[in-house]
Amino acid sequence: MLNERSALDKFLRFLSSLRCGLLLLALLGTAVILGTLILQKPMAQPGQIEQVYAPQTIRLLNALGLFDVFHAPWFILLLGLLGANITLASIDRFPQVWRLFARPHYGADAVFMRGLPFRREIPLGRRTPAEAMTVARGRLEGLGYHPRADVLRQGTLYIEKHRLARLAPYIVHASLLLIFAGAIVDGTRGYRGFISLRPGMRADAVEPMTMSAAPRPLGFTLRCDAAGVDTYADGSPRQYWTRLGVEENGREVARKQIFVNDPLTYKGVRFFQASYDSTGVPRELLVDAAWLAKGAEMRRQLALAPGVPAALDEQGTTVELADFIPDYALDGNRLVSRSDEPRNPALRLAVARPGLPPASAWILAKSPELTPPNDTGISFRFVSVEMEYATGLQVAYEPGQWLIWLGCLTLTGGLMMALYLSHVRIWGIVGVDAKGQPALLLGGQPSKYREAFERKFNEVADQLEAALTSDTARETAA
């Protein structure tokens, strides 16, 4: 039992030590650098990680949690340990500081005054102790210092400023704990994801931007009413937009048109406009068809949509879009698409005639010099295509953000107090100087910035000495 208690004490002493704090800070700093250098899944475009890293590297980095560092369990553990280090270190040192803050030392005597780092002995001249204290109090109030009346009645001049500065380090510690708590809440309960919607579509779950993560239910239904892009006069995109609606229990509860930096927020879940891209699927495709019927050339323009056959003639011949490659390129003996934009379309049409076997024809829109396979007996020419576009929404649920913002505001205040404020105290009593003559014994002590305090202390002492040795001041006091 004693050995277990001793081991626990050693562990707690190490956890509260400066060495442990520096070690944890170094580990967190390394993790942040890795999270900056390695492409993070929440910020990557779909398929971007697979393009950048080799499969073996992806497996290794994914196993180490380096594709989502700031949500990784080991990163959250480091935050918790650093928070425990700060808490234990504060608990160890805080009681003494709190006693100094809550019950400062007001009274003073000659022995106490001799122990202060800054001292002055100001002769009283012909003044009585009561007159000297009255004159000193008046001059101090004229300089903006207000001695405590209850302490003055006990024969001591006591002034202080910025007592709250004693707590500045602990305010900084508390703010860091708030930030860590918010980060831990975000890491354990929050998520980032992506939703791709076409107008008229609905979604009730989000695909998290973490490797091998299951879809997260939203708890409501998101509806896309419309989406588009506003362009400049030269046709370049100016801004993307999406009109969204939120449905819950069968009724609409929210609606908003969002832009890139103007999200929709509902129940803490934010939906940002992230992209507006082609899906690679055509909405409508126009082709010209020409064929011979009873010795006469026939022509017709067909409007095709995926999965919908179009009538070609009165004999029941139909044409259907069987395959569409928006941006084709040759890869050996097969066609592949380089993108979802219709930069170089290739399409295959299926032709069905009553009583005849099925036939098909390929069309290479931008390669008219080529003769792709066509066993239909019909000449087809590509005219135009209107693509299906989908809006890409980045989804963020960060329940710890208010803690992080509160921590940042508190940290700013604590740092300003720690950097710019010093707890200064000055005592004054009537006693005797080194020559045995009556004198006002003045002493002061700062918490930091000793050089600046020394200048201010000497200025105050000079003002008091001038007041006590001035006949005019004596007559005025009388």
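Residues that are in contact (Cβ under 8 Å) with a residue 12 or more places away in the chain, assigned to a helix (DSSP H, G or I), touching a helix residue (DSSP H, G or I) at 6+ places or on another chain (Cβ under 6 Å) and crowded, with 17+ Cβ neighbours inside 10 Å: does the range 93-100 have at least one?
no
Could you tell me how many of the residues in the range 219-251 are out of contact with any Lys or Arg (no Cβ under 8 Å at 6 or more places or on another chain), open to solvent by 40 Å² or more (accessible area, probe 1.4 Å) and more than 19 Å from Ala390 (Cβ to Cβ)?
Count: 8.
Would you be able to say whether some residue in the range 248-262 is out of contact with any Leu (no Cβ under 6 Å at 6 or more places or on another chain), more than 30 Å from Phe380 (Cα to Cα), polar (S, T, N, Q) and assigned to a strand (DSSP E or B)?
Yes, that holds for at least one residue.
Name the strands (runs of 3 or more DSSP E) wholly inside the range 360-478 in which the number of residues that are out of contact with any His (no Cβ under 9 Å at 6 or more places or on another chain), open to solvent by 30 Å² or more (accessible area, probe 1.4 Å) and of a type in the set (A, V, I, L, M) is 1 or more.
Result: 379-397, 424-432.
Would you say Leu116 is aliphatic (A, V, I, L, M) and either in a helix (DSSP H, G or I) or in contact with a helix residue (DSSP H, G or I) (Cβ under 6 Å, 6 or more places away or on another chain) (or both)? I'd like the intermediate steps shown before the answer.
Details: aliphatic (A, V, I, L, M): yes; either in a helix (DSSP H, G or I) or in contact with a helix residue (DSSP H, G or I) (Cβ under 6 Å, 6 or more places away or on another chain) (or both): no.
Spelling it out, it is not the case that Leu116 is aliphatic (A, V, I, L, M) and either in a helix (DSSP H, G or I) or in contact with a helix residue (DSSP H, G or I) (Cβ under 6 Å, 6 or more places away or on another chain) (or both).
Can you say whether Asp186 is of a type outside the set (A, V, I, L, M) and open to solvent by less than 50 Å² (accessible area, probe 1.4 Å), as far as the supplied structure shows?
Answer is yes for this residue.
List pairs: first in the range 39-62 and more than 26 Å from Tyr397 (Cβ to Cβ), second in a loop (DSSP other than H, G, I, E, B) and of a type outside the set (Ser, Thr, Tyr), Cβ under 6 Å, 6+ apart or cross-chain?
Listed by first residue and then by second, the contacts come to Val52/Leu39.
Can you name the residue in the range 148-161 that is among the hydrophobic types (A, V, I, L, M, F, W, C) and buried (at least 16 other Cβ atoms within 10 Å of the Cβ) and is also farthest from the chain's Cα centre (by Cα) among such residues? Explain how you work it out, then say what you get.
If we filter the range 148-161 for residues that are among the hydrophobic types (A, V, I, L, M, F, W, C), which is where we start, we get 149, 151-152, 157, 159.
Remaining after also requiring buried (at least 16 other Cβ atoms within 10 Å of the Cβ): 151-152, 157, 159.
On the way: Val151: 50, Leu152: 52, Leu157: 50, Ile159: 44 Å.
For the range 148-161, the residue satisfying everything is Leu152.
Of these, Leu140, Leu178, Leu164, which one is within 26 Å of Met416 (Cα to Cα), part of a helix (DSSP H, G or I), open to solvent by less than 70 Å² (accessible area, probe 1.4 Å) and touching a residue at least 60 places away in the same chain (Cβ under 8 Å)?
Result of the check over Leu140, Leu178, Leu164: Leu178.
Against the conditions (1) at pLDDT 85 or above; (2) under 28 Å from Ser196 (Cβ atoms), where does Leu15 fall short? Just the number, please.
Condition not satisfied by Leu15: (2).
The values are calculated or read from the model by the stated rules, or taken from the named source; none is laboratory data. Fair warning: this is a prediction, and the values are worked out from it, not measured in the lab. For neighbour counting, all protein chains shown are included, and Cβ atoms are generated from backbone atoms with ideal geometry for every residue, glycine included. The accessibility values were calculated without ligands, DNA or RNA, using every heavy atom of the protein model including side chains. Shrake-Rupley method; radii C 1.70, N 1.55, O 1.52, S 1.80 Å.
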